[in-house]
Amino acid sequence: DDRVRIESNIGIPGYGQTAIVLKGVHFTNTTTLRKNTNLPYWIDGGNVGPSYVDAGATLNIPAGMVVKLSHEYSCCSLQVNGVLNVEGTAAESAIFTTSSDDSVEGDTNGDGNSGPSYNNRGGLQIGVGGVLKMNFGAIRYFNTGIVNSGGLLTITSSLFITNLTAVWTEVGTTSITG
């Protein structure tokens with residue numbers, strides 16, 4: 001299945017770095033992404049659209065994990081209708097950033113040594129009935145880091161770095177502390 005694969009030299013020949021690419025994936029049960037040294041996960045919608053945490057499913061993101069999200073979509077690359085647990089620590093946060101962010105885990109998208117800006121689309125969308133529990137997480141370089149479209153967000157001790165809007169709550173419950 002080409003929706004989950006390891007790619008090296010992604011993008012332009014001579015550029016890019018190896019990444020675990022998740023493309024249009026539906027998480028349908030409890031899944032914990034495993035931390036890989038210097039190997040980020042890249043949730044790439046490509047031509048198939050966003051990835052989903054389906055209703056009834058749970059996706060766990062451990063401390064030290066880097067998840068890069070494509071920024072081609074008008075809203076979000078990862079849509080959460082189930083539960084997303086982001087469990088960083090004070091010493092090692094769990095990071096969500098754009099695929100154009102070369103400052104963590106290198107040049108994943110193969111565009112050469114370029115820096116991201118806050119206007120990268122992508123980010124997380126928490127749908128009706130979805131749950132985000134984020135402790136010591138970091139959301140970096142998105143137009144809107146998290147969109148709450150009817151879910152429950154509990155965010156503690158987390159950073160929002162260079163986002164135009166950190167959290168946008170259309171409807172739902174959002175709690176941010178620490």
### Message
Residue by residue through the stretch 84-101, what is 3J(HN,Hα) from phi via Karplus (6.51 cos²θ - 1.76 cosθ + 1.60, θ = phi - 60°)? Round to whole Hz and write x for glycine and proline.
### Response
10, 9, 10, 10, x, 10, 4, 7, 8, 6, 9, 10, 10, 9, 7, 5, 8, 7
### Under the Karplus curve 6.51 cos²θ - 1.76 cosθ + 1.60, θ = phi - 60°, whole-Hz ³J(HN,Hα) for the stretch 140-150, x wherever Gly or Pro sits
10, 6, 10, 4, 10, x, 9, 10, 9, 10, x
## Note on the structure
For 97-106, 136-145, ranked highest to lowest by mean beta-carbon neighbours within 10 Å, the order is 136-145, 97-106
#### Entry: Difference of contour (0.36 nm per residue) and Cα-Cα distance, Asp111 to Asn36
24.8 nm
### Query
Going 7 Å from the Cα of Ser103 in the Cα-to-Cβ direction, what parts of the stretch 132-176 have a backbone nitrogen less than 15 Å from that spot?
138-143, 159-164
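No value in this document is a laboratory result; all are computed from the given coordinates. Everything quoted here is computed from the prediction, not taken from an experiment. All Cβ positions, even for glycine, are placed from backbone atoms using ideal geometry, and neighbour counts span all protein chains on display.
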